[in-house]
Every structure is written in C-alpha cells, then in structure tokens.
1. Given the criterion within 16 Å of the ligand (Cβ to nearest atom) and within 18 Å of the chain's Cα centre (by Cα), identify the matching residue among L12, L30, L75.
2. Which residues, counting only those in segment 314-363, are under 17 Å from S253 (Cα atoms), charged (D, E, K, R) and touching a Gly at 6+ places or on another chain (Cβ under 9 Å)?
3. Working only within segment 189-215, note down all residues that are in contact with a Gly (Cβ under 9 Å, 6 or more places away or on another chain) and within 12 Å of the ligand (Cβ to nearest atom).
4. L105: away from the ligand (no atom under 16 Å from the Cβ), assigned by TED's automatic domain parsing to the domain that holds P198 and not hydroxyl-bearing (S, T, Y), yes or no?
5. How many residues, within segment 197-238, are over 25 Å from T352 (Cβ atoms) and open to solvent by 20 Å² or more (accessible area, probe 1.4 Å)?
Amino acid sequence: MMVVGLHRSSRLVIDAEAIRYNVRTEIERLDQQSELFAVIKANGYGHGITKVAQFTKEAGATGFCVAILDEALELREAGFEEPILVLGITEVKWAKLAADHDISLTVGDLEWLKTASQLIGDKQQLKVHLALDTGMGRIGFQSEEAFQEAASYLENTAKFNFEGVFTHFATADEKDKKYFDLQVNRFHSFMKRLVKRPKYVHVSNTATSLWHAACNGNMIRFGVGIYGMNPSGRALNPPYDLKPAMSLESEISFSKLLKKGRSVSYGATYTASEDQYIGTIPIGYADGYERRLQGFHVLIDGQFCEIVGRVCMDQLMVRMPKLYPVGTKVILAGRSGNQAISMTDIAEYAGTINYEITCGFTERLPRTYNHEYIEK
Ligand SMILES: *Cc1c(COP(=O)(O)O)cnc(C)c1O
C-alpha cells in the first residue's frame, strides 16, 4: 500500500451531498419498478468505495456493481448486504467464494457454468448474470444459440440462480445513434430466445440512461453520473445538471519572486520572460496529477494560474499574479471564486476522458468527505 500523505496539504475532497443528489435525481427519472445499481468499481472511480456505497445507498441505490470479485468482497466485509454484481469475468475457481458471500457473477459461456457447478456446494446457489455481446466485443455470448443453451442449462440446474441478463453499449455517449441502434436490435433478438426473463434485465450505463432511457430495462448500472461527471465529455448535454463530487485541493508550499531569465523545473523548459511570482504546490504525477498537464492551470484566489515547467513526481510550479504566501489555498479541480476547473477540463487538456482522471489519483492523496478536513 502506498503511504498516505496526511502531513501534506494536498487532498481530494468528496462531496457526499453531490453524490446523493446525482443518484436521487437519476432515480426520479426511472420507471417505478426500475432499480439503480451504483457502479463503484475502481474504488468508486477514485472516490472511495465504501463511502460511495454508503452515500448512494442513502440516496436510493438498491444494489452495487463492481469490476472484480475483491471489490465485492470489500463491500461485504464492510457490512453491505445489498445485491452486488461483478461486471467482469471472474475466474471460475472463485465460484464458490462468490456463492459463499452471495455475490452475483457475470458469465459469458456455458463451459464456465459447467465447471462452476462442480465447485459450488450442494446446498448453495450462485447468482449469475449472462452477458450478451451485442457489439462491445469485450465479453459475453455472441451467438443466440449458445446463449439459449446456457439459459436453459441455468433453468435446469439447481446450483444457479439465473438472476440477470445484460449487455453493454459501445457508443451510448455519442450523437450518432447508428451503432447504438444496431446493438439494441441485436439485444432484442437475443431476448426472444428466453422462455422466462430473469429478475434483472439491464443494458444501461450512465450514458444510456441519460440519453436513451427508453431502453433501460428494469435496472440501470449508473456509474460516472454518480460522481457528477458527463460520460460524453462535452458532446451531449445531460437532461439535468450533474453535480461534480470531487475536488482536488492543495496549498502553496513555497513562494518566491523569480527573476527574468531564470528557469523552472526539469529540462529548464520554462524561462521567465520578466520578473514573475512563482508558487510551488506539493503534488505531482505520483499523485496522479499527470506530467502532461504542464501548461494547464490551477486556481488561486479565483484566478487561473498557469503550470510552468515540467510537472515533477511530487511538486509542480505555477505563475501567480502576485506573491501569495505559503499556505494559500490552491484548487486543482473544483471551484474558487467565480471560476472552476472540472475533471473534464483536466481530461481534455491531457487528451483523455474524465473517468481516467479521477481513477488515476493515487492513494497518496487522502480522501476527505464533506469538507471534514480542518481548514487552517
Ligand atoms: C463501468 C461499467 C458501467 C458504468 O459505466 P458508466 O459509464 O460509468 O456509467 C456499466 N456497465 C458496465 C458493464 C461497466 O463495465
């Protein structure tokens, strides 16, 4: 485990109420009989898995989705008794462990089920969701015949509870609907093979539920929206304003006047064209604040300050409009005065998506909740 920086001012501040608001607002848009499962894989997209589990549950989420079995076990360990679905493929050797903890697994082939049936105890039942590959090309059944065979195997085998069937869309966050519609059609044709529908039929990630709600089925896998981020970046507008849940804050650790002609950081890539005020901030790429962000900006006192010179592993430098003293608050993501920096802003500059930014913040950054951090 990476050492957590508790004696350093850099920290992620997570707004529980923003998370609850996003989940509540999404649930209000759903049909009465539909459920929202909170997708909290990868440490809740960097926000803290058990905290996000708690906040989303308070807001009405009735289940959780994770990517790997360990994340599901972590939730059970923390005392959550809601349904938990592992979205990725779990090695079949862990089928019994999943059944022991009442964790639902995703299955994409009949062989897996046959092997699992040998491992699960006689009085046990493993809950499974069959994944359909309608065009994501990642996991799941590609042929309707193979799917039908697996479904009837499940119906006739007491060791399994056929709890769900689902697919995942590759382009739900795009304006062009052609590929999306192709996947919907394939899904419908898969579903015609079922004699009996399982408890959960689900197809929607955040983007699908925001922009194609008619497809939703009776459960949605709501992920990035929990955290107040737009899955499309800026391509599409959500039907309501998502509230960003995560801010990244720090303080100036060193402050100085840099004389004209002096340079900053590795490679001396930045040279002051005049006398300038430079602030150092104790955060760097080892915290997940990427090196590619040289030339981007932070907020100090409601003003954008450019990151000058290379971002180091643990520190970076910014040009300030005046000599702000050590201890001055710095916002790397979030709001300051009338200005804001979103995870999408950071992602666009870094050439990636907002998801990768929040997932990329490392353990060295403490996560604090609802401004419980004591301000100086
Ligand atoms: C991660 C994931 C989701 C959640 O996606 P968001 O875009 O964050 O809403 C839903 N379904 C599957 C299968 C996933 O892997």
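1. L75 is the lone residue from the list that is within 16 Å of the ligand (Cβ to nearest atom) and within 18 Å of the chain's Cα centre (by Cα).
2. D314, R319
3. H202, V203, S204, N205, T206, A207, S209, L210
4. Working: away from the ligand (no atom under 16 Å from the Cβ): no; assigned by TED's automatic domain parsing to the domain that holds P198: yes; not hydroxyl-bearing (S, T, Y): yes.
Here the answer is no, as L105 does not meet what is asked.
5. 7
The values are calculated or read from the model by the stated rules, or taken from the named source; none is laboratory data. Quick caveat, the model's predicted, so the values are computed rather than measured. Because the Cβ atoms are built from the backbone with ideal geometry, glycine has one as well, and the counts that use them run over all protein chains shown. Side chains included, ligands, DNA and RNA excluded: accessible areas come from the protein's heavy atoms. Shrake-Rupley method; radii C 1.70, N 1.55, O 1.52, S 1.80 Å.
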